[in-house]
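In what follows, a single structure is set out as structure tokens and then discussed.
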Number of protein chains: 2
Amino acid sequence: MIKPLILVSNDDGITSKGIKSLVDVVKKIGDVIVVAPNSPQSGKGHAITVGESLRLEENTTLFENVRAYECSGTPADCVKMARHFVLKDERQPDIIVSGINHGSNTSISVLYSGTMSAAIEGAIEGTPAIGFSLCDYGSDADFSHTLPYIEKLVRQVLEKGLPKGVALNVNFPKKKSEPFKGIRICRQANAKWVEEFDQRFDPYNRPYFWMTGKFVNFDKGEDNDEWAIANNYISVVPCQFDLTAHQAIPVLNEEWEILN
Amino acid sequence: MIKPLILVSNDDGITSKGIKSLVDVVKKIGDVIVVAPNSPQSGKGHAITVGESLRLEENTTLFENVRAYECSGTPADCVKMARHFVLKDERQPDIIVSGINHGSNTSISVLYSGTMSAAIEGAIEGTPAIGFSLCDYGSDADFSHTLPYIEKLVRQVLEKGLPKGVALNVNFPKKKSEPFKGIRICRQANAKWVEEFDQRFDPYNRPYFWMTGKFVNFDKGEDNDEWAIANNYISVVPCQFDLTAHQAIPVLNEEWEILN
């Protein structure tokens, strides 16, 4: 029986602990190929490299018995290069997995997430895809409690497929003394970041700024990803790349006076 | 009567022709403040600057009688700095406009668009916001035919507001001999880019790559932005930042065997 081909990427960069953990899990399930950024790409959202060229180099040391490439671009660039250059004349991946991200990608963070942009690229191409994130920002975060669930989730998606145009945003609570309560299918919580800018001065007395912020959750529901994480569930949000606010179309058609 | 406060940003950078045209139009409607990138940010999607610091400098020469700042970050950074640093202790904008982009942001391009990320930041903050793009990539593109429509659209949105969580993605056809047929409220077309990678070698014989691609439109409908542009209508797509594929939630709940 032919094994599934699994493409792995991330946004923390190819040397991060999270991608190593993810590769170790999915090696049990199928043939693995890694195309991941050669530098941290956190917060890059769905950026692609336009007007600049890209580098791609094979890496034979980071992963054992796994074909791996490091790319100078963003996570979305990595998936595009994997499909349309590295695997151009080969079979295409059966699933794309991204992560494990060092830090939460719940709620509004999905928009800013490089991890999820790699998965959304899968959805655009019609390939099942999952972004995995752990709600722990430490570079040496403990991923061990997530690994059996990642294996279950990848096997489930390989077996059942995903609805057309959908990629999954999976977040795991930080490791606690008690085990996870289970997996919840959720919607994206209604929450946002309220930014603050920490102004400092360089040795030439010119100002520069660090963006910091507070996360504010407005959502009182129990069907969203923030609730799930706060209650020690694994959250799974099905995400789409159609940004159309379909419910707003009839509203504008009715209210506006400038339509012919 | 107090004039509306209009925040202007873009992704082509503060020196581009498109933002100058946009500022000239919206000066007729209200008080204008510009916070825009100091370098081209095309294709940056919803990227923000994480792990690096930002610069912000007032510019007193580019726009006449308009307070303007150039920022080292992405379009999303610009809107965040405008709200939470520049206007921190002042009144907040009544509307955010972004563009005019040199090039189309129809269909799937909305995901990669820096222009639209500035507008989506407005939606996140509850401020009406519009991204404007002209389907002409020339740095000296002719924007003149779009200006009366931009004025109408901004006035309409200031008067009527927008549904909660919605920003508008407005695209204008390239200038033709005949005038626009009108404005259409559309959904995002089902189309994508098929990338190709043009491999070259540097003087040290190391490979580098240019990403190019063909745009492929799968959509046969007449209610989408690609159809509107091809038929010389102005397309207006209401966009949301809730990426949840709500229709997929019951599907996964029913099909999956790994839920407790």
Among the residues of region A:61-79, is any surrounded by fewer than 22 Cβ atoms within 10 Å (Cβ to Cβ), among the aliphatic types (A, V, I, L, M) and either assigned to a loop (DSSP other than H, G, I, E, B) or at pLDDT below 95 (or both)? yes
Starting from region A:78-96, keep only residues that are closer than 24 Å to residue B:208 by Cβ, then list their pairs with residues that are modelled with pLDDT of 95 or more and in a helix (DSSP H, G or I) whose Cβ atoms are within a distance under 6 Å, requiring at least 6 positions of separation or different chains. A:79/A:118; A:79/A:121
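Out of the residues in region B:64-91 that are of a type in the set (Asp, Glu) and under 19 Å from the mean Cα position of the chain (by Cα), which is farthest from the other protein chains (Cβ to nearest Cβ)?
Going residue by residue through region B:64-91, those that are of a type in the set (Asp, Glu) are B:64, B:70, B:77, B:89-90.
Checking the rest, the ones that are also under 19 Å from the mean Cα position of the chain (by Cα) come to B:70, B:77.
Details: B:70: 13, B:77: 7 Å.
Per the stated criteria, the residue is B:70.
Within region B:244-256, is there a residue that is small (Gly, Ala, Ser), within 7 Å of chain A (Cβ to nearest Cβ) and at positive phi? First the steps, then the outcome.
First, pick out the residues of region B:244-256 that are small (Gly, Ala, Ser): B:245, B:248.
Imposing the further condition that a residue be within 7 Å of chain A (Cβ to nearest Cβ) reduces the set to B:245, B:248.
Among the residues that remain, those that are also at positive phi are: none.
For region B:244-256, residues small (Gly, Ala, Ser), within 7 Å of chain A (Cβ to nearest Cβ) and at positive phi: absent.
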Only one of (1) in contact with a Pro (Cβ under 7 Å, 6 or more places away or on another chain); (2) not in a loop (DSSP other than H, G, I, E, B) fails for residue B:100. Which number is that? (1)
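With B:107, B:133 as the choices, which residue is within 18 Å of residue B:173 (Cβ to Cβ), crowded, with 24+ Cβ neighbours inside 10 Å, of a type outside the set (Asp, Glu) and within 11 Å of another protein chain (Cβ to nearest Cβ)?
Values: B:133 fails: within 11 Å of another protein chain (Cβ to nearest Cβ).
Within the list B:107, B:133, the selection yields B:107.
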Name the residues in region B:77-103 that are touching a strand residue (DSSP E or B) at 6+ places or on another chain (Cβ under 6 Å) and of a type in the set (S, T, N, Q), would you? B:98, B:101
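Looking at residue A:47, is it under 17 Å from the mean Cα position of the chain (by Cα) and part of a helix (DSSP H, G or I)? Walk me through how you get there before you give the answer.
Working: under 17 Å from the mean Cα position of the chain (by Cα): yes; part of a helix (DSSP H, G or I): no.
Here the answer is no, as residue A:47 does not meet what is asked.
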A careful count of residues in region A:27-44 that are over 16 Å from the mean Cα position of the chain (by Cα) and in contact (Cβ under 8 Å) with a residue 60 or more places away in the chain gives 4
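Among the residues of region B:22-41, is any at the interface with another protein chain (Cβ under 10 Å from one of its Cβ atoms) and farther than 18 Å from residue B:151 by Cβ?
Of all residues in region B:22-41, those at the interface with another protein chain (Cβ under 10 Å from one of its Cβ atoms) come to B:40-41.
Within this subset, residues satisfying the condition of being farther than 18 Å from residue B:151 by Cβ are B:40-41.
Checked region B:22-41: at least one residue is at the interface with another protein chain (Cβ under 10 Å from one of its Cβ atoms) and farther than 18 Å from residue B:151 by Cβ.
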Taking region A:167-198 as the region of interest, how many residues are among the charged types (D, E, K, R) and over 18 Å from residue A:143 (Cβ atoms)? 7
Restricting attention to region A:168-181, the residues that are buried (at least 21 other Cβ atoms within 10 Å of the Cβ) and either touching a Phe, Trp or Tyr at 6+ places or on another chain (Cβ under 6 Å) or within 9 Å of chain B (Cβ to nearest Cβ) (or both) number exactly 3
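Could you list, in sequence order, the residues of region A:1-13 that are without any contact (Cβ under 8 Å) to a residue 60 or more places away in the chain and either crowded, with 24+ Cβ neighbours inside 10 Å or at the interface with another protein chain (Cβ under 9 Å from one of its Cβ atoms) (or both)? Don't jump to the end; show me each part of the working.
First pass over region A:1-13, keeping only residues without any contact (Cβ under 8 Å) to a residue 60 or more places away in the chain: A:1-3, A:13.
Correct list: empty.
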From the list A:91, A:67, A:55, A:83, pick out the single residue that is charged (D, E, K, R) and in contact with a helix residue (DSSP H, G or I) (Cβ under 7 Å, 6 or more places away or on another chain). A:83
Answer yes or no: is there a residue in region B:53-60 that is more than 8 Å from every other protein chain (Cβ to nearest Cβ) and either modelled with pLDDT under 95 or crowded, with 24+ Cβ neighbours inside 10 Å (or both). no
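Which one is nearest to residue A:20 (Cα to Cα), of the residues in region A:125-175 that are in a loop (DSSP other than H, G, I, E, B) and of a type in the set (Phe, Trp, Tyr)? First the steps, then the outcome.
Taking region A:125-175 as the starting set, the residues that turn out to be in a loop (DSSP other than H, G, I, E, B) are A:126-128, A:135-143, A:161-165, A:173-175.
Checking which are of a type in the set (Phe, Trp, Tyr) leaves us with A:137, A:143.
Working: A:137: 16, A:143: 10 Å.
Out of the qualifying residues, it is A:143.
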Yes or no: region B:143-152 includes at least one residue that is within 13 Å of chain A (Cβ to nearest Cβ), over 15 Å from the mean Cα position of the chain (by Cα) and buried (at least 21 other Cβ atoms within 10 Å of the Cβ). no
Residues that are among the hydroxyl-bearing types (Ser, Thr, Tyr) and farther than 16 Å from residue A:256 by Cα: does region B:145-162 have at least one? yes
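The values are calculated or read from the model by the stated rules, or taken from the named source; none is laboratory data. Quick caveat, the model's predicted, so the values are computed rather than measured. Ideal geometry is used to build each Cβ from the backbone, glycine not excepted, and the neighbour counts take in all protein chains shown.
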